[in-house]
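The values are calculated or read from the model by the stated rules, or taken from the named source; none is laboratory data. Owing to the predicted nature of the structure, the values given are computational and were not obtained by experimental measurement. Here the Cβ is made from the backbone with ideal geometry for all residues, glycine too, and neighbour counts use every protein chain on show.
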There are 2 protein chains.
Amino acid sequence: MDTKDLAERILNGERRALARAITLVESGRADHRAQARELLAHLRGHGREALRVGLSGTPGVGKSTFIEAFGMMLTGQGLKVAVLAVDPSSARSGGSILGDKTRMERLSRERNAFIRPSPAQSHLGGVARRTREAIDLCEAAGFDVVLIETVGVGQSETVVAEMSDLFLLLLAPAGGDELQGVKRGIMEIADMILVNKADGDLKATAQRTCADYAGALRLLRKRPQDPQGFPKALTVSAVEEAGLEAAWQEMQALADWRRESGHFAARREGQARYWFESEVRQGLLARLETKRARAAMADLAEEVAAGRLGAAEAAQEMLEHHLD
Amino acid sequence: MDTKDLAERILNGERRALARAITLVESGRADHRAQARELLAHLRGHGREALRVGLSGTPGVGKSTFIEAFGMMLTGQGLKVAVLAVDPSSARSGGSILGDKTRMERLSRERNAFIRPSPAQSHLGGVARRTREAIDLCEAAGFDVVLIETVGVGQSETVVAEMSDLFLLLLAPAGGDELQGVKRGIMEIADMILVNKADGDLKATAQRTCADYAGALRLLRKRPQDPQGFPKALTVSAVEEAGLEAAWQEMQALADWRRESGHFAARREGQARYWFESEVRQGLLARLETKRARAAMADLAEEVAAGRLGAAEAAQEMLEHHLD
């Protein structure tokens, strides 16, 4: 593959080239990895700085309806929007989020929108790497906004927040004062909370839920990366397409403030460092995944389980003699 | 150091030799690690199979009073008892649990008891390895029961359960039906629950709490490694030394059943495999901790943060050129 040619076509905004490049970074094959690194090196420093918006919400909060309505509003303003997904369950289901493009039928037909389902991967770490690289590719292809969607399960919110400039939590209206079991750790990384379904019978409940969360956010934290009045909780209605413009204005205001104060660049730098370090660790541990290493691990584990070899000795033997 | 001689002295039950050997396995120095592996190899297959009892309880449940009373009862029966600790906070505090031997004044004076504070370590993984090796040393020195204590914080219960034959949860009497915020995951790994402080004014509350937990255990699970009637919840009083004999009899009954059914050996085999595999991973990642590797990591992270190098490229560079 001519990665230089592919890079040029991506920089020209060719969608098929972008799709092909994402397929390349999703591949686990060693030769594909080498090509992916080459391609990313060609692209580095070109393209534009998109606003990377992470979005988490449990099933049923109307995530795809929101992304479609929000994406349509952005493309309506002439902005180019890419939608990626980090799906912790994709190993089992073969890609459950965004797998069905009909979920965002209008947006997927938009010239200025690009929707990519989550890669089916065996573990969240692998999905994270591929998504980070896909974000870089989307920026090279000239997208203005990259939305990274995830369902709020396990560690996936943290993974997505680690690759976003802004991390949004999408919630449903809830009765009572229980905060929908949103974990404190998630409240701490949310840059903005959007309470969806503020329409029809649920409108009042949505507003009350929103006020509850706004209060909780004020109580919970004061972070240097939040200007006066942030973090905010807002209501939106994806089905009525209400509140989306306001939400977008708040996101831009927050991003602008962070750009000027240096927090935006600092966050990206921290993320890049973290990404590099986890790439190194993953690359090192990958040495245990070769055919030869796996066979030796299995044999030695057998010896250890049978009590014929100590764990520390066996580990030493493994590291000294059975790695390529 | 003559590790063969040290091994013989440990097998003879010399306490000073045991203490010295534990200091050796706690050391992070490469030459000490090599000696520790040698020593453990000499000892393998000798010594006796102790009953390894993990014990977790949050501060205030009376953990040290319980261990002292329970340990005294065991030594009173002619059994040799070792007490080790896994302290997730020891990195900061320099060893907060068991650090003060006066907490178990009577037991520490017993000829057949051996108490060892948690090593001060930078991370839980390191503490886990050293404690596992200390258990092996205690078995070689002829101890019948090895108690491994931890405060219930973060991952430390799981770490201790992974090195125990029986994992006990020590709880305080609690008002109401709230289950003291015990996480479901912990309930699932507990082999027995002991509600302490079943004395004086708290006796009735302790019995009610015990009944609540017994009910919760029945609802929560059915595991093949639990015989009819297990997992059990019992009340004890460490200060009145009540219920300790009964608890010990239940522990033995459970251990005996598991020995006969094969679950005891299977658990130890699984733990040994897991230990070996984590030793390999830790050993591999230790290659990033040399002076040279750390310097290269720092330089490359700087390049990545500044956008002059991509994360994947930089990781490749690190793995190919900067590891010993």
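Observations, loosely collected:
- Selection status of A:E279, more than 10 Å from chain B (Cβ to nearest Cβ), under 32 Å from the mean Cα position of the chain (by Cα), under 30 Å from A:S164 (Cα atoms) and in a helix (DSSP H, G or I): no
- Some residue of region A:207-214 being in contact with a Leu (Cβ under 8 Å, 6 or more places away or on another chain), among the polar types (S, T, N, Q), assigned to a strand (DSSP E or B) and surrounded by 13 or more Cβ atoms within 10 Å (Cβ to Cβ): no
- Any hit, region B:229-243, residues being polar (S, T, N, Q) and over 18 Å from B:G76 (Cα atoms): yes
Results for (1) farther than 30 Å from B:E302 by Cβ; (2) within 14 Å of chain B (Cβ to nearest Cβ); (3) out of contact with any helix residue (DSSP H, G or I) (no Cβ under 9 Å at 6 or more places or on another chain); (4) in a helix (DSSP H, G or I), shown as yes or no for each residue.
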position	(1), (2), (3), (4)
A:E188	no, no, no, yes
A:A198	yes, no, no, no
A:R218	yes, no, yes, yes
A:P227	no, no, no, no
A:L234	yes, no, no, no
A:A247	yes, no, no, yes
A:L254	no, no, yes, yes
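- Residue within region A:138-146 that is within 14 Å of chain B (Cβ to nearest Cβ) and at pLDDT 75 or above present: yes
- Filter result (at the interface with chain B (Cβ under 7 Å from one of its Cβ atoms) and farther than 22 Å from B:R129 by Cβ) within region A:282-297: A:G283
- Candidate set: region A:298-310, residues that are assigned to a helix (DSSP H, G or I) and facing another protein chain (nearest Cβ under 7 Å); chosen: the one nearest to the chain's Cα centre (by Cα): A:A301
- Among the residues making up region A:34-71, a single one is within 10 Å of chain B (Cβ to nearest Cβ) and at pLDDT below 90: A:G45.
- Considering region A:40-66, the residues that are touching a residue at least 60 places away in the same chain (Cβ under 8 Å), out of contact with any Leu (no Cβ under 6 Å at 6 or more places or on another chain) and among the aliphatic types (A, V, I, L, M) include one that is nearest to A:G152 (Cα to Cα), namely A:L51.
- Test result for B:R287, of a type in the set (D, E, K, R) and modelled with pLDDT under 95: yes
- Restricted to region B:311-324, and to residues there that are assigned to a helix (DSSP H, G or I) and more than 9 Å from every other protein chain (Cβ to nearest Cβ), the residue that is surrounded by the most Cβ atoms within 10 Å (Cβ to Cβ) is B:E317.
- Tallying residues that are within 23 Å of B:A161 (Cα to Cα) and either in contact (Cβ under 8 Å) with a residue 60 or more places away in the chain or basic (K, R) (or both) within region B:191-219 yields 5.
- Among residues of region B:220-232 that are at negative phi, those with a Cβ under 7 angstrom from a residue that is exposed (fewer than 14 other Cβ atoms within 10 Å of the Cβ) and of a type outside the set (A, V, I, L, M, F, W, C), sequence gap 6+ or separate chain, pair up as B:L220/B:E188; B:R221/B:E188.
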